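Worksheet: one structure, shown below.
The values are calculated or read from the model by the stated rules, or taken from the named source; none is laboratory data. The model shown is predicted, which means the values in this text are computed figures rather than measured ones. Heads up, the Cβs are rebuilt from the backbone with ideal geometry, glycines too, and the neighbour counts pull from every protein chain shown. Note: accessible area is taken over every heavy atom of the protein model, side chains too, but ligands, DNA and RNA are not part of it. Shrake-Rupley method; radii C 1.70, N 1.55, O 1.52, S 1.80 Å.
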Amino acid sequence: MTVQMDLARRERAADTAVELAGVGKTFGSGAGAVTALRGIDLRVRHGEFVCLLGASGCGKSTLLNLLAGLDEATTGTVGVSAARPSFMFQEAALMPWLTATRNVELPLQLAGLGRAARRERAGELLDLVRLSGVGDKRPHELSGGMRQRVSLARALAAATSSAEGGPGLLLMDEPFAALDAITRDVLQGELLRVWEATGTTVVFVTHDVREAVRLAQRVVLLSSRPGTVVREWTVDEHGPELHEEITGRLRQVITSHAA
């Protein structure tokens with residue numbers, strides 16, 4: 001029995017990209033302290049697409065910062081076994097003086113890849129996001145949607161440039177929120193295609209239920225501050241009524257917080 005339990009633990013660990021246990025995050029101290037997260041338990045498998053859903057201010061972005069190593073948890077443990085987590089933000093945040101190709105090359109250069117290798121890889125990633133032929137253009141020459149595609153290619157470059165290799169981890173903080181509805185719809189479809197092609201682990205933050213249900217394999221609902229996991233849904237196991245079910249639960253969370 002002990003041998004079987006040890007084997008099960010090793011198999012679970014090998015399949016786990018992210019694991020949070022009892023994670024809490026408090027900013028400040030004393031009377032002015034603000035607790036953003038409390039008692040977060042969450043596991044994400046390698047190659048899984050998980051959406052964190054919740055109202056504004058519930059700690060979704062704080063949780064991403066903990067996964068990226070940009071901040072430390074106040075309580076609990078944060079385990080990330082995926083290679084080199086990379087971030088994609090609401091704004092493309094491209095270097096305006098660099099071409100699209102050079103923006104994508106930047107994390108590859110920082111990882112120590114030679115010029116020819118990183119140029120080839122950047123070209124492959126721009127092709128992957130359907131931007132072949134625009135590598136020599138600078139951000140101001142591209143539309144908002146095209147800039148976000150370059151940002152996605154750069155994030156994928158960062159996620160796959162680790163010397164240790166292995167599956168990457170892509171952390172996405174409402175990357176399509178600033179785009180118009182048509183462009184957002186197109187890029188959601190493109191993200192799914194790229195995710196299926198690369199096998200990258202994705203943790204995607206949104207407050208849009210429709211976006212979460214369309215993109216994710218699993219939707220994790222956080223409570224209002226302090227954020228904690230209220231409920232999870234595996235999308236494939238539910239029918240067309242899932243959107244209404246999650247929307248109703250989110251409304252309950254927001255209403256209880258307002259009360």
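Give the carbon-plus-sulfur fraction of the accessible surface of the range 142-230 in %, rounded to a whole number; probe 1.4 Å, heavy atoms of protein chains only.
50 percent
Once you order the gyration tensor axes a ≥ b ≥ c over the Cα atoms, which shape class does the range 101-184 get: rounded for a/c under 1.5, otherwise prolate or oblate by comparing a/b with b/c?
oblate
Among (1) 64, 41, 33; (2) 51, 42, 37; (3) 52, 49, 45, find the value of Cα extents along the principal axes in Å that was calculated from the structure presented, and write down its label.
(3)
How high is the FRET efficiency between residue 34 and residue 70 when r is their beta carbon distance and R₀ equals 22 Å, given to the nearest 0.05? Mind showing how you got there, number by number?
Working: r = 18 Å, r/R0 = 0.80.
It comes out at approximately 0.80.
Using only the alpha-carbon atoms, what does the range 180-259 span along each of its principal axes? Please give whole angstrom values in decreasing order.
Its Cα atoms span 43, 27, 26 Å along the three principal axes.
Restricting to Cα pairs below 8 Å that are 6+ residues apart, what does the relative contact order work out to for the range 102-155? Please round to a whole percent.
Here the relative contact order equals 48 percent.
Could you work out how much longer the chain between residue 26 and residue 124 gets when fully extended? Use 0.36 nm per residue separation minus the Cα distance between them, nm to one decimal.
31.1 nm
At 1.4 Å probe size, with the rest of the protein present, what percent of the exposed accessible area of the range 73-133 is carbon and sulfur atoms?
Its accessible area is 53 percent carbon and sulfur atoms.
What are the GluC sites (Glu not before Pro) within the range 136-232 that DSSP puts in a loop, where the Cβ has at most 13 other Cβ atoms within 10 Å? If you can, show how the numbers build up before the last one.
On the way: sites: 141, 164, 190, 196, 211, 232; in loops: 164.
For GluC sites (Glu not before Pro) across the range 136-232 that sit outside H, G, I, E and B with at most 13 neighbouring Cβ atoms in 10 Å, the list reads 164.
State, as an integer percentage, the relative contact order of the chain based on alpha-carbon contacts under 8 Å between residues 6 or more apart.
26 percent
Pull out a ≥ b ≥ c, the square roots of the eigenvalues of the alpha-carbon gyration tensor of the range 23-98, then state rounded if a/c is under 1.5, prolate if not and a/b is larger than b/c, and oblate in the remaining case.
Values: a/c = 1.85, a/b = 1.30, b/c = 1.42.
In terms of gyration-tensor shape, oblate.
Could you pull out every residue, at least 5 positions away or on a different chain, whose amide H is within less than 5 Å of the one on residue 218? Hs are placed 1.01 Å off N in the peptide plane, and Pro or chain starts have none.
49, 51, 235
Evaluate E = 1/(1 + (r/R0)^6) for residue 140 and residue 196, where r is the Cβ-Cβ distance and R0 equals 30 Å; express this FRET efficiency to the nearest 0.05. Let's see the in-between values first.
Values: r = 32 Å, r/R0 = 1.05.
After rounding to 0.05, the efficiency reads 0.45.
Sticking with the crude label model, points 7 Å out along Cα→Cβ, report the distance from residue 208 to residue 77 in nm, one decimal please.
3.7 nm
Any idea how far the Cα center of the range 71-138 sits from the one of the range 190-259, in Å?
26 Å
Hey, what D do you get for the range 92-146 in µm²/s if you plug the Kirkwood alpha-carbon radius into Stokes-Einstein at 37 °C and 0.692 mPa s?
Value of D from the Cα-based Kirkwood radius: 291 µm²/s.
Relative contact order of the range 20-172, please, whole-number percent, based on alpha carbon pairs below 8 angstrom and at least 6 residues apart.
26 percent
How much length is gained on full extension from residue 117 to residue 181, taking 0.36 nm per residue of separation minus their Cα-Cα distance?
19.4 nm
With a 1.4 Å probe and every protein chain left in place, work out the accessible area per residue of the chain in Å², rounded to a whole number. If you can, show how the numbers build up before the last one.
On the way: 12660 Å² over 259 residues.
Heavy-atom SASA per residue in the chain reads 49 Å².
When the chain is treated as a GNM, springs tying every alpha-carbon pair under 10 Å, which of 34, 18, 229 comes out with the largest mean-square fluctuation?
34
Among DSSP beta bridges whose residues both lie in the chain, state the antiparallel percentage, nearest 5.
In the chain, DSSP labels about 45 percent of beta bridges as antiparallel.
Using θ = phi - 60° and the Karplus relation 6.51 cos²θ - 1.76 cosθ + 1.60, list the HN-Hα couplings for the range 98-107 in order, rounded to whole Hz, with x at every Gly or Pro.
9, 5, 4, 4, 5, 4, 5, 5, 3, x
Taking θ as phi - 60°, what are the ³J(HN,Hα) couplings along the range 28-38 by the Karplus curve (6.51, -1.76, 1.60), each to the nearest whole Hz, with x for Gly and Pro?
Result, rounded to whole Hz: x, 8, x, 5, x, 5, 10, 8, 8, 10, 8.
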